[in-house]
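Student: Got a structure for you, written out below as structure tokens; questions coming shortly.
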Amino acid sequence: MRLVLLGPPGAGKGTLAALLKESLKLVHISTGDMFREEIRNKTQLGCGAKLYIDKGELVPDEIVIQMIEQQLTNNSAVGHGGYMLDGFPRTCKQAEDLDRILERIQQPLDYALYMTATLPIIVQRLGGRRVCRKCGALFHIRNKPPLKENVCDNCGGEIYKRADDNEATIHTRMNVYVNNTQPVKDYYKNQGKLKELDGDKESDEVQAILMKMFRDK
Ligand code: AMP
């Protein structure tokens, strides 16, 4: 199965991705994670992307599309059991280019899963979000704190707060989302591929809905 995960920052796409990885064994391809890896490795791509990411703005389409095209065409794991794209596409241009790439490699998308969430929930989630530097596991200082402070329960890695999870950047990211990414939802709706999930719900409720959705499809 090939999916894209859509929704505002903090709607729960990362949590949804973890559920799908566990239950459907899909490969998780996150453009945000790919950029953070490039930044950690201080590559040219990473240094260029950082300028946009730190401000909460979108990295230009050409850069993102090239990166995702390489991933989809060169990663052998991607062709087998299926995958989910998390954080991509974020503009209609990216969605159109993705369709062109997938047509060429004969791997059409099955669904776009759209997580909705209300602004107060988003701000609360992103403000308290913590991420494991090593395995990417997600925590929250109040809702899901790690057993040991700053240490990942899964792998013992260091837990950190993303630089772009601060209040000013969260607002920019929300504006960017409304102006650029919201229309992508209609793009997939018009293709009959859109499925909506309520991201305000707790993750076990989302998981139950998700399982039912794929059972009934
Ligand atoms: P995320 O981890 O998905 O929240 O992404 C973090 C940041 O990476 C975003 O705020 C953007 O600056 C950048 N980014 C990730 N994916 C994309 C994309 N598809 N298009 C443009 N910028 C992106």
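Here, each number is a calculation from the coordinates, and none is a lab measurement. What you see is a predicted model; the values in this text were computed from it and never measured. Because the Cβ atoms are built from the backbone with ideal geometry, glycine has one as well, and the counts that use them run over all protein chains shown.
Student: With the calculation restricted to Cα positions, what are the radius of gyration and Dmax of the range 63-169 in angstrom?
Tutor: That works out to 17.2, 48 Å for Rg and Dmax.
Student: Per residue of the range 172-186, what does 6.51 cos²θ - 1.76 cosθ + 1.60 with θ = phi - 60° give for ³J(HN,Hα)? Whole Hz please, x for Gly and Pro, Karplus curve as stated.
Tutor: 4, 4, 5, 5, 4, 4, 4, 6, 10, 9, 3, x, 5, 4, 5
Student: Moving on. Pick from S203, S30, S76: which residue has the top mean-square fluctuation in a GNM of the chain where Cα pairs under 10 Å get a spring?
Tutor: The residue that fluctuates most here is S76.
Student: Also, I was wondering about something else. List, in order, the whole-Hz ³J(HN,Hα) value for each residue of the range 83-96 obtained from phi through the Karplus relation with A = 6.51, B = -1.76, C = 1.60 and θ = phi - 60°; use x for Gly and Pro.
Tutor: Rounded to whole hertz, the list is 8, 10, 9, 10, x, 8, x, 10, 9, 5, 4, 4, 5, 5.
Student: What do you get for Rg/Rh over the chain if you use C-alpha atoms and the Kirkwood form of Rh? Don't skip to the answer; put the middle values down first.
Tutor: Values: Rg = 16.6 Å, Rh = 17.8 Å.
Checking Rg against Rh, the ratio lands at 0.93.
Student: A further question follows. Which of M174, M67, M84 moves most in a GNM of the chain, Cα contacts under 10 Å?
Tutor: M67
Student: Same structure, new question: Sorted from fewest to most neighbouring beta carbons within 10 Å, what does the list L119, L19 look like?
Tutor: Lowest to highest Cβ neighbour count: L119, L19.
Student: Net charge around T73, counting only other residues with Cβ within less than 15 Å of its Cβ (Lys, Arg = +1; Asp, Glu = -1)?
Tutor: Within the 15 Å Cβ shell, the charges total -1.
Student: Ranked highest first by the average count of other Cβ atoms within 10 Å around their residues, in what order do 124-133, 53-62 fall? Mind dumping the intermediate values first?
Tutor: On the way: 124-133: 18.6, 53-62: 16.1.
Ranking the peptides 124-133, 53-62 by packing returns 124-133, 53-62.
Student: Show which lysines lie in cross-link reach of K212 when reach means a straight Cα distance below 17 angstrom and same-chain residues fewer than eight apart are skipped.
Tutor: Candidates past the 8-residue exclusion: K21, K25, K193, K195, K201.
Student: Next question, about the same structure. Run the helix sum for the chain: -39,500 (n - 2.57) per DSSP H stretch of 4+ residues, divided by residue count, reported at 222 nm to the nearest 500 deg cm²/dmol.
Tutor: Dividing the helical sum by the residues of the chain leaves -15000 deg cm²/dmol.
Student: Hey, another quick one. For L6, which sequence-distant residues (separation of 5 or more, or a different chain) have an amide H within less than 5 Å of its own amide H, given hydrogens modelled in the peptide plane?
Tutor: Correct list: L113, Y114, M115.
Student: Using alpha carbon centroids, what distance separates the range 1-43 and the range 147-217, in Å?
Tutor: Taking the Cα centre of the range 147-217 as reference, the centre of the range 1-43 is 9 Å away.
Student: Ok, one more. Just to confirm the filter: which GluC sites (Glu not before Pro) across the range 156-208 are DSSP coil and have at most 12 other Cβ within 10 angstrom of their Cβ?
Tutor: Loop-located and lightly packed - E202.
Student: Using 0.36 nm times the number of residues separating K161 and K148, minus their current alpha carbon distance, what extension gain do you get?
Tutor: Taking K161 through K148 to full extension adds about 3.1 nm, to one decimal.
Student: Against the empirical 2.2 N^0.38 Å scaling, what ratio does the C-alpha Rg of the range 18-105 come to?
Tutor: That ratio works out to 1.11.
Student: Antiparallel DSSP bridges in the chain: what percent, to the nearest 5?
Tutor: Counting only bridges with both partners in the chain, antiparallel ones make up about 30 percent.
Student: Still on this structure, please answer the following. Give me, ordered by chain and number, the residues 5 or more places off D153 or on other chains with an amide H under 5 Å from its own placed amide H.
Tutor: Amide H to amide H, under 5 Å and 5 or more residues apart or across chains, D153 pairs with L147.
Student: Further question on the same structure: Calculate the spin-label point distance for K25 paired with C135, positioning each point 7 Å from the Cα along the beta-carbon direction, and give it in nanometres.
Tutor: Those two pseudo-labels are separated by 1.9 nm.
Student: Let me ask something else about it. Around N180, what is the net charge, scoring Lys/Arg as +1 and Asp/Glu as -1 over all other residues with Cβ under 13 Å from its Cβ?
Tutor: Charge balance in the 13 Å sphere: +1.
Student: Sequence neighbours fewer than 8 away in the same chain don't count; with that in mind, list the lysines whose C-alpha is under 28 Å from K42.
Tutor: K42 reaches K13, K50, K55, K93, K134, K161.
Student: So, one more: Read phi for every residue in the range 52-59 and hand back ³J(HN,Hα) as whole Hz from Karplus 6.51 cos²θ - 1.76 cosθ + 1.60, θ = phi - 60°, with x for Gly and Pro.
Tutor: Working through the residues one at a time gives 7, 4, 4, 8, x, 8, 7, 5 Hz.
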